[in-house]
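Everything below concerns the one structure shown next.
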């Protein structure tokens with residue numbers, strides 16, 4: 001059984017909604033399970049017990065949330081030092097708003113988290129452009145949910161359900177790869 005750990009932080013539940021959709025995608029793949037954890041609760045041991053690590057964050061001033069950065073620095077740093085997660089699967093997603101079609105800083109945020117996963121030696125899973133609703137809520141780096149209109153006015157009801165569709169598809173892709181690699185030693 002492939003175990004996928006989804007570590008996220010959320011301000012107004014947009015990222016949380018995306019995390020839950022991603023978990024649904026994971027659990028739709030036979031033999032795969034998802035574990036959702038808030039960034040401030042997740043520990044290095046949780047990462048070690050998983051076959052895949054997925055990071056999700058709101059976009060803050062063109063970067064990841066401080067709680068996600070703290071998780072990466074305090075819990076993943078030791079894993080990097082000990083080469084503990086090389087060959088595991090890694091992926092990212094983000095939620096935000098801001099000016100611009102993709103949301104201010106979304107791409108930089110996703111790339112920063114992918115960089116951290118690459119530093120850990122993980123096998124990175126992108127989001128293919130054929131994911132449902134990719135044109136509105138996807139980037140090749142991962143799912144991105146716009147939680148506000150381009151003029152920064154709130155969207156009634158928060159993050160629309162259709163903007164979580166790429167998250168669910170991303171979960172399926174992550175689970176399939178994690179399942180295929182589960183239990184295999186990629187590098188010595």
Inset, instruction - Go through region 20-30 residue by residue and tally those that are under 16 Å from residue 89 (Cα atoms) and not in a helix (DSSP H, G or I). - result: 1
Legend entry - Index of the failed condition, residue 13 passing every other in (1) at pLDDT below 95; (2) at negative phi: (2)
Legend entry - Single residue of 132, 128 found to be under 18 Å from residue 168 (Cβ atoms), in a loop (DSSP other than H, G, I, E, B), more than 12 Å from the chain's Cα centre (by Cα) and touching a residue at least 40 places away in the same chain (Cβ under 8 Å): 128
Legend entry - Residue within region 47-66 that is in a helix (DSSP H, G or I), in contact with a strand residue (DSSP E or B) (Cβ under 8 Å, 6 or more places away or on another chain) and over 19 Å from residue 89 (Cα atoms) present: yes
Legend entry - Residues located in region 156-182, provided they are assigned to a loop (DSSP other than H, G, I, E, B) and without any contact (Cβ under 8 Å) to a residue 60 or more places away in the chain: 156, 157, 160
Legend entry - Search result, residues across region 2-19 that are in a helix (DSSP H, G or I) and either over 11 Å from the mean Cα position of the chain (by Cα) or surrounded by fewer than 24 Cβ atoms within 10 Å (Cβ to Cβ) (or both): 14, 16, 17
Inset, instruction - Tell me, please, whether a residue that is in contact with a strand residue (DSSP E or B) (Cβ under 7 Å, 6 or more places away or on another chain), crowded, with 18+ Cβ neighbours inside 10 Å and modelled with pLDDT under 90 can be found in region 88-96. - result: yes
Inset, instruction - Scan region 139-155 and give yes if some residue there is surrounded by 14 or more Cβ atoms within 10 Å (Cβ to Cβ), more than 17 Å from the chain's Cα centre (by Cα), assigned to a strand (DSSP E or B) and at pLDDT below 90, otherwise no. - result: yes
Legend entry - Answer from 122, 113 - the residue that is touching a strand residue (DSSP E or B) at 6+ places or on another chain (Cβ under 8 Å), closer than 16 Å to residue 59 by Cβ, surrounded by 13 or more Cβ atoms within 10 Å (Cβ to Cβ) and modelled with pLDDT of 95 or more: 113
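The values are calculated or read from the model by the stated rules, or taken from the named source; none is laboratory data. Just so it is clear, the model here is predicted, and its values are computed rather than measured. Virtual Cβ from ideal backbone geometry, glycine too; neighbours counted across all protein chains shown.
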